[in-house]
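Asks: Quick one: structure below, then a few questions.
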Amino acid sequence: MANPNPTPVRAPATGAWWNDRRVRAVFYQIVFVLAVAAGIWVLVDNTIENLRARGLRTGFDFLGARSGIPISDSIIPWDPDDTFGRAYLVGILNTLRVGIVGIILATILGTIVGIARLSQNWLVSKLASIYVETIRNIPLLLQLIFIYALFGFALPEQLDPLVIGGGFFLSKGGLMFPLLKLEAAHYAAGSVFLVSFAAMIVYNVWAKRRQNATGVAPPRLLPSLAMLLLPTIIVFLAMGAPAEFDVAAKTRFRFIGGGAIGPEFLTVLLGLVIYTAAFIAEIVRSGILAVSYGQTEAAGALGLTRGQTLRLVLLPQALRVIIPPMTSQYLNLVKNSSLALIAGYQDVVAIENMTMNQTGRALEAIMLIMAVYLTISLSISLAMNTYNKRIALKER
Amino acid sequence: MKKLAIAAAAFAAAALVAGPALAGKDLDNIRKRGSLVCGVNTGLAGFSIADTQGRWTGIDVDVCRAIAAAIFGDANKVQFKPTSAQQRFQALQSGEVDVLSRNTTWTLTRDASLGMIFTGVTFYDGQGFMVAKKLGVKSARELDGAEICVQSGTTTELNLTDFLKANNMGKAKAIVFEKIEEATAAFFSGRCQAYTTDASGLASTRSKDAKNPDDFVILPELISKEPLGPAVRRGDEEFFAIVKWVLYAMVEAEEYGVDRANVDQMKGSPNPAVKRLLGVDAKNDMGKLLGLKADWAYQVIKQVGNYGDIYDRNVGPKTPLKLERGLNALWSKGGLQYAPPIR
C-alpha cells in the first residue's frame, strides 16, 4: 500500500548552492538577526552619543545619593535623608502592596458578582449586570479621580472623625485603627500558630488520603479548627494575655497614633478592585457557562445540593476556562496601579517621577520603572501558568 | 518642571549664543518700532493677568508700562506677549520680546548661562505655608504633626523636607501630588491642614480657589529665596540701564513720598532729591545720562505710580491677594527694597 503522505524526495540540487532552499532559510534568518542587532546597536550608540554631546551624565550612581524627597506612605521606615535607592524600594513595596491586596480582593468580589449574575434571583442578577456594565465602560482614570474627590467631600473633618468604635476612626485622613503593642506573648502565640497551621495541613492531607483509601471520611472541620486555635489560645492565656492597643488620639491638627490607611491608598485600592472585579466577573461567568448543563443535571441526579454542585462540579471545571484570561486581568491590575499618582499615592511610578525631576536622569528612572513592572508581570504569569498546568485536564 | 525648563532653555541659549550676536540694537529697535514688547505670564493674578476686556493688570505688567513711560512718555506703548514657563527664555533670547517681566526667579544659572541678565527685584518671593484660620496657627514652626499638601517635582518639596528636618518637626507629614491643581484641591477639601508653595502662589490660589479667602491665612515664615524680577537680553547696556533705573526710580519715589496722586504738587518740592528725580531742574538732567527725556521718572510715576502704588494696587492688603509688604517694604521700613541714589 502506498504511503498516503509520501515524504517529497528532494531532487539533488541541480543549480548553484544558493538555490538550495535550506541554505536560503538559514541565510534569511541570519540576515534578520543581524538587522535587528544592528538596529539596536544604532539606537544605543546614538543615545549614548547624544547624552555625551549634551553633557548629560549617565549611570545609576544617583541611587546612592541623598534624596531629600518626602514620601507620605511607606511600609518600611522613610526619612528624607535616605537615598534615592531606598526611595525606589519604598515605591516597589507600595506598588506590590496595592497589587497583592488588589488581586485578592478583586478575585473575591469578581467571583461573587460573576456568580450573582447567573443567579436565578432576578434582582440579584440584574444588580450584578448593572454593576458590570457600568464599571467596565468607564475609564479607570475617571473612576480614581471620582473616588478621591468623593472622599474629599463625603468624609468628615479630621478633627471630628466618624467614630466607628473600638479605636476605629474614619475621616478625610483615612481609616485609623488600633495597633496591638507587640510583646513576648504575641510572638510566642504567633510561633505556636504557625506550627499548628502546619499540623492542620498534615492532618487534612492524611484525612483526604484515608477517605480515598477506605471511603470513610474522618471529620475534618472541627479537628482542624481545634488544632489551629486551641494551642495558640492556651499559650496566649498562659502568658498573661496582654492586650494593650495603640489607639489614635486627637492632637492639634489630626488624630495621630495606631495604624492608618490613607485615603490615597484606599482610593487606588478601591478603584482597582471595583474596576478589575467587573472584568473578572465576566470571566467567571463565562467559565461557569462553559461547563455544559448536563454536568449540573448529573450532579442533581447524584443528589448534590446547589452549593455542592457549584463547589465540587462546576467550579473545578470552570477554572480551566477561567485561569488564562484571569492571568491577564491580574497583569492589568498591577499595570493599572501606575495610575496611582493621580490620587497622590506614591507607587514606584510616582517616586521615580520625583527622582527623575530631582536628578535629571530620565532614561535611568524609566528603565527602573520598566524593570519593576516586567519583573512583577513575569512573576504573576509564571505563577498562574504553573497553577494552570496543575488544574488543566489531565489526558491519559 | 522648573529644572526641565531650565535645561531646555539652556540648550536653546547655547544654540543662540553660537549664532550672530545682537549688539546694542535693542533700544534702537524699540524706538523704531514705537512700542515695547513685553513677555508676561499667561495668567497669574496680581502679577500679570488679562481681564475680560483684554486689559492686562499686575506688578509685572505695570513694570512694562513704567519702562514704556520712561522711553516714550506713554505707558500705553506696550505690547504684551503671554509666555509659558517653557517658552519664556527662548522668547527673550530670540528677540521675540524686549524684556521678560514674568515672575521669574533670579538665579545664577539664568543670569550667567541663558544669554540674559536680570535688572533687579520687583518682588521678593519665597516658599511659604497656608493654613485654615480656624486652626489658630501663627507660625510655620507650629505645624509639627500637621499634614502638608505639596506639588512634587520642583524645589518646593526639597525645601519642605529641609525645613521640617531643620526644625525637628518629625511628626509633620507631606502629602505629595503630581499636579498643582491636585495639591490645592486636596488642601481645600480638608485632606491637609497646610499647603506650601511660593507665597505669591499661595495668595493667588487663596484669592482664586478658596470658597471664602478670609478663612485662610498665609504664615509669616518664608523658607526659601525666590527673588522675582525683569530680565533683558545681554548685549545692550543702555537698555539694561534704563530698565534697571526705572525700577530704582519707582522705589526712590516711594522713599521720598512721591506717588501717583501727588506727583504734580511734588514738582514744586524744595527737596533737591525730589527735584532730581522728577527732572525739574534743567541743569541737573538725569534723563539725559540715560538717553531719556528729563521727565522720564515723572512720566513713570504720573502714569504708573511709585513702587508702593504698584504693590498696593496689584497684590497689597486691599486686593484679593492680601499680601503684606513684608520683605518688599522699603529698606527704611524693615524691608529689602532699596534704590541707589539718583544723582
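The values are calculated or read from the model by the stated rules, or taken from the named source; none is laboratory data. Here the structure is a predicted model, which is why all the values come from computation and not from measurement. Neighbour counts run over all protein chains shown; Cβ positions are idealised from the backbone, glycine included.
Asks: Specify the residue that is nearest to the other protein chains (Cβ to nearest Cβ); the eligible residues are those in segment A:50-94 that are aliphatic (A, V, I, L, M) and without any contact (Cβ under 8 Å) to a residue 24 or more places away in the chain.
Replies: A:Ala53
Asks: Another question about this same structure. For segment A:346-383, which positions are touching a Ser or Thr at 6+ places or on another chain (Cβ under 8 Å) and surrounded by fewer than 17 Cβ atoms within 10 Å (Cβ to Cβ)?
Replies: A:Leu363, A:Ser381
Asks: Of all residues in segment A:260-295, which are surrounded by 15 or more Cβ atoms within 10 Å (Cβ to Cβ), more than 12 Å from every other protein chain (Cβ to nearest Cβ) and of a type in the set (Gly, Ala, Ser)?
Replies: A:Gly271, A:Ala277, A:Ala278, A:Ala281, A:Gly287
Asks: In segment B:73-99, what residues are at pLDDT below 95, closer than 30 Å to B:Ala210 by Cβ and touching a strand residue (DSSP E or B) at 6+ places or on another chain (Cβ under 8 Å)?
Replies: The answer is B:Pro82, B:Thr83, B:Arg88.
Asks: Right, something else. Residues in segment B:229-245: is at least one without any contact (Cβ under 8 Å) to a residue 24 or more places away in the chain and out of contact with any Gly (no Cβ under 7 Å at 6 or more places or on another chain)?
Replies: Residues of segment B:229-245 without any contact (Cβ under 8 Å) to a residue 24 or more places away in the chain: none.
No, segment B:229-245 contains no residue that is without any contact (Cβ under 8 Å) to a residue 24 or more places away in the chain and out of contact with any Gly (no Cβ under 7 Å at 6 or more places or on another chain).
Asks: Return only the number of the condition from (1) buried (at least 19 other Cβ atoms within 10 Å of the Cβ); (2) under 16 Å from B:Leu247 (Cα atoms); (3) not hydroxyl-bearing (Ser, Thr, Tyr) that B:Pro341 does not satisfy.
Replies: Only one criterion is unmet by B:Pro341, namely (1).
Asks: Oh, and also: Since B:Ser200 meets every condition but one in (1) in a helix (DSSP H, G or I); (2) at pLDDT below 95; (3) in the same structural domain as B:Asn314 (by TED's automatic domain parsing), which condition does it not meet?
Replies: (3)
Asks: From the list B:Ala66, B:Ala85, pick out the single residue that is under 15 Å from the mean Cα position of the chain (by Cα) and within 30 Å of A:Val349 (Cβ to Cβ).
Replies: Exactly one residue qualifies, and that residue is B:Ala85.
Asks: Now for a separate question. When you go through B:Glu238, B:Glu252 one by one, which is the residue that is away from every other protein chain (no Cβ under 13 Å), at pLDDT 90 or above, surrounded by 23 or more Cβ atoms within 10 Å (Cβ to Cβ) and farther than 25 Å from A:Tyr148 by Cβ? Explain how you work it out, then say what you get.
Replies: On the way: B:Glu238 fails: surrounded by 23 or more Cβ atoms within 10 Å (Cβ to Cβ).
Criteria check complete, one pass: B:Glu252.
Asks: Filter segment A:247-256 for residues that are surrounded by 15 or more Cβ atoms within 10 Å (Cβ to Cβ) and touching a residue at least 12 places away in the same chain (Cβ under 8 Å); which is farthest from B:Ile175 (Cα to Cα)?
Replies: Ranking the candidates gives A:Val247 first.
Asks: Conditions first: (1) buried (at least 19 other Cβ atoms within 10 Å of the Cβ); (2) in the same structural domain as B:Asp60 (by TED's automatic domain parsing); (3) in a loop (DSSP other than H, G, I, E, B); (4) among the small types (Gly, Ala, Ser). B:Gly257 passes all but one, so which condition is the exception?
Replies: Status for B:Gly257: all satisfied but (1).
Asks: Quick check on segment A:184-199. Is at least one of its residues aliphatic (A, V, I, L, M) and either within 14 Å of chain B (Cβ to nearest Cβ) or touching a residue at least 60 places away in the same chain (Cβ under 8 Å) (or both)? Outline the logic, then answer.
Replies: Taking segment A:184-199 first, the residues aliphatic (A, V, I, L, M) are A:184-185, A:188-189, A:192, A:194-195, A:198-199.
Filter once more, keeping what is either within 14 Å of chain B (Cβ to nearest Cβ) or touching a residue at least 60 places away in the same chain (Cβ under 8 Å) (or both): none.
Scanning segment A:184-199 turns up no residue that is aliphatic (A, V, I, L, M) and either within 14 Å of chain B (Cβ to nearest Cβ) or touching a residue at least 60 places away in the same chain (Cβ under 8 Å) (or both).
Asks: Report the residue count in segment A:150-165 for those that are surrounded by fewer than 16 Cβ atoms within 10 Å (Cβ to Cβ) and more than 30 Å from the chain's Cα centre (by Cα).
Replies: Within segment A:150-165, residues that are surrounded by fewer than 16 Cβ atoms within 10 Å (Cβ to Cβ) and more than 30 Å from the chain's Cα centre (by Cα) number 6.
Asks: Which of the residues belonging to segment B:303-335 are surrounded by fewer than 18 Cβ atoms within 10 Å (Cβ to Cβ), part of a helix (DSSP H, G or I) and either out of contact with any Leu (no Cβ under 9 Å at 6 or more places or on another chain) or of a type in the set (Val, Ile, Thr) (or both)?
Replies: The answer is B:Asp312, B:Trp331, B:Ser332, B:Lys333.
Asks: Does any residue of segment B:180-188 turn out to be within 14 Å of chain A (Cβ to nearest Cβ), within 18 Å of B:Gly326 (Cα to Cα) and among the hydroxyl-bearing types (Ser, Thr, Tyr)? Break it down stepwise before answering.
Replies: Here is the first cut: in segment B:180-188, the residues within 14 Å of chain A (Cβ to nearest Cβ) are B:180-188.
Those left that are additionally within 18 Å of B:Gly326 (Cα to Cα): none.
No, segment B:180-188 contains no residue that is within 14 Å of chain A (Cβ to nearest Cβ), within 18 Å of B:Gly326 (Cα to Cα) and among the hydroxyl-bearing types (Ser, Thr, Tyr).
Asks: Here's something else I'd like to know. For segment B:272-280, indicate whether the set of residues that are buried (at least 21 other Cβ atoms within 10 Å of the Cβ) and touching a residue at least 24 places away in the same chain (Cβ under 8 Å) is non-empty.
Replies: Yes, segment B:272-280 has at least one match.
Asks: Continuing with the same structure: Select from segment B:183-201 the residues that are hydroxyl-bearing (Ser, Thr, Tyr) and farther than 13 Å from A:Gly173 by Cα and list them in ascending order.
Replies: Of everything in segment B:183-201, those that are hydroxyl-bearing (Ser, Thr, Tyr) and farther than 13 Å from A:Gly173 by Cα turn out to be B:Thr184, B:Tyr195, B:Thr196, B:Thr197, B:Ser200.
Asks: Can you tell me which residues in segment A:350-374 are aliphatic (A, V, I, L, M) and more than 10 Å from every other protein chain (Cβ to nearest Cβ)?
Replies: Across segment A:350-374, the qualifying residues are A:Leu363, A:Ala365, A:Ile366, A:Met367, A:Leu368, A:Ile369, A:Met370, A:Ala371, A:Val372, A:Leu374.
Asks: Just wondering, is there one or more residues in segment A:204-225 that are hydrophobic (A, V, I, L, M, F, W, C), surrounded by fewer than 12 Cβ atoms within 10 Å (Cβ to Cβ) and under 30 Å from A:Ile164 (Cβ atoms)?
Replies: Checking segment A:204-225: at least one residue is hydrophobic (A, V, I, L, M, F, W, C), surrounded by fewer than 12 Cβ atoms within 10 Å (Cβ to Cβ) and under 30 Å from A:Ile164 (Cβ atoms).
Asks: Among the residues of segment B:147-158, which ones are under 17 Å from A:Trp78 (Cα atoms) and either hydrophobic (A, V, I, L, M, F, W, C) or modelled with pLDDT of 90 or more (or both)?
Replies: If the condition is that a residue be under 17 Å from A:Trp78 (Cα atoms) and either hydrophobic (A, V, I, L, M, F, W, C) or modelled with pLDDT of 90 or more (or both), then B:Glu147, B:Ile148, B:Leu158 are the ones that fit.
Asks: Go through (1) out of contact with any Phe, Trp or Tyr (no Cβ under 6 Å at 6 or more places or on another chain); (2) within 14 Å of chain A (Cβ to nearest Cβ); (3) in a loop (DSSP other than H, G, I, E, B) and name the single condition B:Ile223 misses.
Replies: (1)
Asks: Taking B:Arg191 as meeting all but one of (1) in contact with a Lys or Arg (Cβ under 6 Å, 6 or more places away or on another chain); (2) more than 14 Å from chain A (Cβ to nearest Cβ), write down the number of the exception.
Replies: The single condition B:Arg191 does not satisfy is (2).
Asks: Now for a different question. Can you name every residue in segment A:371-392 that is in contact (Cβ under 8 Å) with a residue 60 or more places away in the chain and farther than 19 Å from A:Gly102 by Cβ?
Replies: Listed by number, the residues that qualify are A:Asn388, A:Ile391, A:Ala392.
Residue by residue, here is whether (1) more than 22 Å from the chain's Cα centre (by Cα); (2) among the aromatic types (Phe, Trp, Tyr); (3) not in a loop (DSSP other than H, G, I, E, B); (4) not assigned by TED's automatic domain parsing to the domain that holds B:Val131 holds:
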{"position": "B:Thr205", "(1), (2), (3), (4)": "no, no, yes, no"}
{"position": "B:Val217", "(1), (2), (3), (4)": "no, no, yes, no"}
{"position": "B:Ile242", "(1), (2), (3), (4)": "no, no, yes, yes"}
{"position": "B:Ala261", "(1), (2), (3), (4)": "yes, no, no, yes"}
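One line per residue, one yes/no per condition, for (1) at pLDDT below 90; (2) over 30 Å from A:Leu142 (Cα atoms):
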site	(1), (2)
A:Tyr203	no, yes
A:Thr214	yes, yes
A:Arg220	yes, yes
A:Ile233	yes, yes
A:Ala238	yes, yes
A:Phe253	yes, yes
A:Pro263	no, no
A:Val268	no, no
A:Leu272	no, no
